[in-house]
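The values are calculated or read from the model by the stated rules, or taken from the named source; none is laboratory data. These numbers come from a predicted model, not from an experiment. Note that each Cβ is placed from the backbone with ideal geometry, even for glycine, and that neighbours are counted across all protein chains shown.
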DNA sequence: AAAAAAT
């Protein structure tokens, strides 16, 4: 089977040939002929299976007839993250090089002006994340009743991210005479319901699960002490040990703050690292990703924003600095290496408290993962002894505890707690090799203070900080999460009686305001 | 224990 058997137009075929492809992947071979006939498709496939081309190529062929009208895009592709949306745009540019198509990318974090202009000109292809798309529509700049083909990509991830209501709204704005191409890696009940509602007699195309496809990736678990400095040291040793084989690597952390902390620590140790997480300035996000793709950065420290779908063809190593909480994320993360049949290596740093997550991962992939250098029973306890798990008082808020960890990492300590932590007090406070310089500590604290202010600011108050952030050029070192007072996480904190960061020292007046 | 997405 070759691409020329699928019924694609000569223009598309020639671009595919130029890109160096001759053989379609199973999902492409299964979906393209039906998509060209105008049928609805239900594609069950992970990324890395050639899924994107399975809708881009037939869409290009079908778009050769007709023209776009102002503010009435002819096709719409919905993606869960900004980076994925940008990646789909690149695919349209690559395979559409023989076409004269207007492509518009509507994503958040960048200015409206350019997006408006492209809509006004009439877009053949509109690629969007749901939030910004709805925003444009509400501003009256966008009419969706001319859409002939709708693509919903990564539907299960959209579900995880709470986008399904948005997706339903958008689907209802588009004429039911459209063709719908629907892709999901898994089919949870909510997704099945969605397909029953929005697909008409779909052709179902299913390809093998990524969990079983990862045989070309060497996977190892690496024991570590549980303190941040233990884990960072474990990681650095691992990176050095792998240096000869390592072309480039993505290092995954579970939290955004960890991404920026680890990133800064690695810079201090002269590793050629970048960072990527969703609270970074959009320009910095794009820049980091582009630099990593182009080989200007050897290491990319990232949150799960980079776990799925991102196509960086030649990642040699994946390091999990944290064991992912959800087992499926493990599969997605390690799937960033070993792409296109290449071999890859993944190392997952594990501490004692990670055992149950490791069990879940091993159950999911149906295999035991080998330990790199002895299992957790051989971990040497770090200075200051064991673990921090049971020591904290029952009534003490757990989240405040995390702040304490940050502080310890800088060699600081809350005076109040000193008596409760004798064992750690025995350790000299200044020996951390990667203790941040004082200036950085201060900057971080200012950020935290501002975040607290944000937390108590009323919903209606206009926020100017994000505007400022948009203007600002991305600085290489500035990866600290940009606290956004309107994010759901913020609300969750407000729901709690405890304002994060104050411990028991929170002034009473703040407690009242924070509850509002 | 999280992350992602509009302002």
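When you go through (1) more than 16 Å from DNA strand B (Cβ to nearest atom); (2) crowded, with 17+ Cβ neighbours inside 10 Å one by one for residue A:145, which number turns out not to apply?
(2)
Could you tell me how many of the residues in the range A:110-128 are in contact (Cβ under 8 Å) with a residue 60 or more places away in the chain and either assigned to a helix (DSSP H, G or I) or closer than 24 Å to residue A:285 by Cβ (or both)?
Going through the range A:110-128 one residue at a time, the tally reaches 3.
Could you check the range A:86-109 and list, in sequence order, the residues that are touching a residue at least 12 places away in the same chain (Cβ under 8 Å), over 18 Å from the mean Cα position of the chain (by Cα) and in a loop (DSSP other than H, G, I, E, B)?
Once the filter is applied, which keeps residues that are touching a residue at least 12 places away in the same chain (Cβ under 8 Å), over 18 Å from the mean Cα position of the chain (by Cα) and in a loop (DSSP other than H, G, I, E, B), the range A:86-109 yields A:96, A:97, A:98, A:99, A:101, A:102.
Residues in the range A:241-258: is at least one part of a helix (DSSP H, G or I), within 13 Å of DNA strand B (Cβ to nearest atom), in the same structural domain as residue A:330 (by TED's automatic domain parsing) and in contact with a strand residue (DSSP E or B) (Cβ under 9 Å, 6 or more places away or on another chain)?
For the range A:241-258, residues part of a helix (DSSP H, G or I), within 13 Å of DNA strand B (Cβ to nearest atom), in the same structural domain as residue A:330 (by TED's automatic domain parsing) and in contact with a strand residue (DSSP E or B) (Cβ under 9 Å, 6 or more places away or on another chain): present.
When you go through A:22, A:47, A:75 one by one, which is the residue that is free of Cβ contacts under 8 Å to residues at least 24 places away in the same chain and touching a helix residue (DSSP H, G or I) at 6+ places or on another chain (Cβ under 9 Å)?
So the residue among A:22, A:47, A:75 that is free of Cβ contacts under 8 Å to residues at least 24 places away in the same chain and touching a helix residue (DSSP H, G or I) at 6+ places or on another chain (Cβ under 9 Å) is A:22.
With A:162, A:131 as the choices, which residue is over 23 Å from residue A:60 (Cβ atoms), assigned to a loop (DSSP other than H, G, I, E, B) and within 16 Å of DNA strand B (Cβ to nearest atom)?
A:162
Output the number of residues of the range A:285-303 satisfying the condition of being surrounded by fewer than 21 Cβ atoms within 10 Å (Cβ to Cβ) and farther than 21 Å from residue A:247 by Cβ.
1
Mind listing just one residue for me: the one in the range A:265-284 that is touching a strand residue (DSSP E or B) at 6+ places or on another chain (Cβ under 9 Å) and either assigned to a strand (DSSP E or B) or farther than 18 Å from residue A:243 by Cβ (or both) and, of those, nearest to DNA strand B (Cβ to nearest atom)?
Step by step, filter the range A:265-284, then rank; the result is A:277.
So residue A:238 ticks every box in (1) in the same structural domain as residue A:40 (by TED's automatic domain parsing); (2) part of a helix (DSSP H, G or I) but one. Which box is left unticked?
Condition (1) is where residue A:238 drops out.
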